[in-house]
């Protein structure tokens, strides 16, 4: 069943991602770029409960609880730490360069375009990706030198969800993600209403130091500091979250009623600036692994033990 789903994903994600068929340029190594990174990838910020405007049609919505959200996307270093713990606990396995692990399955509603996702083992991560910065040698996962603070990519929805559950977090739900990005004033982009310019977000041809190869920047790169000759503006949201527009797009935790597809928000470095609007929605199958898609987590602040409660039946 998943083979059928993956074939369909090629069509779906082809509309979303502008992947070039030309030869991929040689990477610019991070150590060759002067950077003044000031954002701590381990920080969380509080988002208080309340109403907000969501979606293209500006619907009234609400998150009825206080929660915290990661200031940045999960980094390669953070994900490698999880993988090393998971493999020691026999929670994951490696098969032909793919990291796999368990998933409990989805409720199935027999909708017209819905495929059933049963309990079983699924792909968490693709170590074979041409731009993958993760490696596995002698039983240890590690990050290629210089890429520890870059957002983890080639992680599937299953892999993002597993990370969240392991640490008793949640993979950010649609409402949690959009409220953190848009704030309470219905802003179009996390920083406000102004269209993206090259100094505030990483998008297609935005001319950042890594742009010639269409690549991610370190988390929190757009912090208002000057990196070599490249001056940035601060792109944090009203709550203090970075890179919610551009860099890598982000998996959403919410499982939609009657659909096996998972939502992706935020836009990536391969998309044009207008696609970075906080309400722009994309989707793919949950086993999809891309160099343009990562994730961030949330946690409720009024519960000692947080369990994933984002599935809509």
**Item:** Residues that are part of a helix (DSSP H, G or I) and closer than 20 Å to residue 157 by Cβ, drawn from the stretch 63-80
**Value:** 76, 78, 79, 80
**Request:** Determine which single condition residue 154 fails, assuming it passes every other condition in (1) closer than 19 Å to residue 247 by Cα; (2) modelled with pLDDT under 95.
**Result:** (2)
**Asked** Of the residues in the stretch 82-101, how many are touching a helix residue (DSSP H, G or I) at 6+ places or on another chain (Cβ under 9 Å), surrounded by fewer than 15 Cβ atoms within 10 Å (Cβ to Cβ) and either in a helix (DSSP H, G or I) or in contact (Cβ under 8 Å) with a residue 60 or more places away in the chain (or both)?
**Response** 1
**Prompt:** Any chance the stretch 183-195 includes a residue that's under 15 Å from the mean Cα position of the chain (by Cα) and at pLDDT 95 or above?
**Reply:** no
**Message:** Here is a list: 39, 63, 74, 33. Which entry is over 26 Å from residue 291 (Cβ atoms) and touching a strand residue (DSSP E or B) at 6+ places or on another chain (Cβ under 9 Å)?
**Reply:** 63
**Prompt:** So which strands (runs of 3 or more DSSP E) are wholly in the stretch 250-303 and hold at least 1 residues that are farther than 26 Å from residue 114 by Cβ, modelled with pLDDT of 95 or more and under 14 Å from the mean Cα position of the chain (by Cα)?
**Reply:** 297-300
**Prompt:** Among the residues of the stretch 122-134, which ones are in contact with a helix residue (DSSP H, G or I) (Cβ under 9 Å, 6 or more places away or on another chain) and either surrounded by fewer than 15 Cβ atoms within 10 Å (Cβ to Cβ) or modelled with pLDDT under 95 (or both)?
**Reply:** 131
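Looking at residue 60, is it without any contact (Cβ under 8 Å) to a residue 24 or more places away in the chain and part of a strand (DSSP E or B)?
So residue 60 fits the description; yes.
Residue under question is residue 220, and the condition is that it be outside any helix (DSSP H, G or I), more than 19 Å from residue 39 (Cβ to Cβ) and at pLDDT 95 or above; does it hold?
Considered against the rule, which asks whether it is outside any helix (DSSP H, G or I), more than 19 Å from residue 39 (Cβ to Cβ) and at pLDDT 95 or above, residue 220 comes out as no.
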**Asked** Name the residues in the stretch 117-138 that are assigned to a strand (DSSP E or B), touching a residue at least 12 places away in the same chain (Cβ under 8 Å) and over 20 Å from the mean Cα position of the chain (by Cα), would you?
**Response** 120, 121, 136
**Item:** Lone qualifier among 77, 54 - being in contact with a helix residue (DSSP H, G or I) (Cβ under 7 Å, 6 or more places away or on another chain) and closer than 30 Å to residue 222 by Cβ
**Value:** 54
**Request:** Identify the single condition in (1) closer than 23 Å to residue 182 by Cα; (2) surrounded by fewer than 12 Cβ atoms within 10 Å (Cβ to Cβ); (3) at pLDDT below 85 that residue 53 does not satisfy, given that it satisfies every other one.
**Result:** (2)
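The values are calculated or read from the model by the stated rules, or taken from the named source; none is laboratory data. No experiment lies behind these values; they were computed from the predicted model shown. Methodologically, a virtual Cβ is constructed for each residue, glycine included, from the backbone with ideal geometry; neighbour enumeration extends over all protein chains shown.
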